[in-house]
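Heads up: the structure comes next, in structure tokens.
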Amino acid sequence: MNEPLIERKKKTKMKEKLGGIRLTSQRKAILETVQGMCTHPTADEVYQKIRGSLPKVSLATVYRNLENLSEAGFIRKVEHAGTAKRFDGNLAPHQHIRCIRCGTIEDVHESPEMTEMVAKQIQTDFTIVGHLIEIQGICPNCQKSMEA
Ligand SMILES: [Zn+2]
Ligand SMILES: [Zn+2]
């Protein structure tokens, strides 16, 4: 509690306390790994990547920390029925397109017009606070393997 004010300010700037969890060095390494991958990795993919720099970390630890980080709002969870949970380090509003053959997920950016249209077209008594659209398709790689 006796931290110099400057130190504390620096930490707030880095959003270390976002969502009320502490960014331990391990958690930070996991967060940075997810942020550095634009493939929406599964826990296992994050684990494979981080093992080089954190040889002692276990898959269970990576998994638990990914859950904590997403609950605290540092990363997004991308869930689809019947597929492994994936994690997204990109917090900017965006939608996803998913390949129905290999499960590859890419970002799709939605225009403000589309956001407005979606909100207007939906008939509900709910107050709409947001939406997540999953667009399904076949990725260029799978298209190639289908042609071959
Ligand atoms: Zn594919
Ligand atoms: Zn994404």
Under the rule a/c < 1.5 gives rounded, and otherwise a/b versus b/c splits prolate from oblate, where does region 16-88 land using the Cα gyration tensor?
oblate
Enumerate the amide H contacts of VAL78 below 5 Å, restricted to partners 5 or more residues apart or on another chain; note that Pro and chain-start residues carry no placed amide H.
ARG86, PHE87, ASP88
Vicinal HN-Hα couplings computed from phi for region 112-128 (Karplus, 6.51 cos²θ - 1.76 cosθ + 1.60; Hz; Gly/Pro x)
x, 5, 5, 4, 5, 4, 4, 4, 6, 6, 8, 9, 7, 8, 6, 8, 7
Report, in listed order, any pair from LYS28/LYS56; LYS85/LYS120; LYS28/LYS49; LYS49/LYS85; LYS28/LYS85 with a Cα-Cα distance greater than 22 Å.
LYS85/LYS120
Contact order normalised by residue count of region 16-88, Cα under 8 Å, 6+ apart, percent:
39 percent
Need one number: % antiparallel among DSSP beta bridges in region 95-147, to the nearest 5.
50 percent
If I take every Cα pair under 8 Å that is 6 or more residues apart in region 95-147, average their sequence separation and divide by the length, what percent do I get for the relative contact order?
52 percent
What is the log10 of I(q)/I(0) for the chain, computed with the Debye formula using one identical point scatterer on each Cα and no solvent, at q = 0.10, 0.11, 0.16, 0.21 Å⁻¹?
-0.47, -0.56, -1.00, -1.29
Unit charges on C-beta of K, R, D, E only; dipole of region 16-88, Debye:
200 debye
Restricting to Cα pairs below 8 Å that are 6+ residues apart, what does the relative contact order work out to for region 31-148? Please round to a whole percent.
24 percent
Stretch GLU106-ILE133 to full length: gain in nm at 0.36 nm per residue minus the Cα-Cα span?
8.5 nm
Going by the alpha-carbon gyration tensor, a ≥ b ≥ c the square roots of its eigenvalues, is region 66-116 rounded (a/c under 1.5) or, if a/c is not under 1.5, prolate (a/b greater than b/c) versus oblate?
oblate
Calculated from DSSP H runs of 4 or more alone, at -39500 (n - 2.57) each and per residue, what is the 222 nm mean residue ellipticity of the chain, nearest 500?
-11500 deg cm²/dmol
Added length on full extension, which subtracts the Cα-Cα distance from 0.36 nm per residue, LYS28 to CYS142:
37.6 nm
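Quick note: the coordinates plus some simple rules give every number you see, no bench work behind them. Quick caveat, the model's predicted, so the values are computed rather than measured. We place every Cβ from the backbone using ideal geometry, glycine too, and count neighbours over all the protein chains shown.
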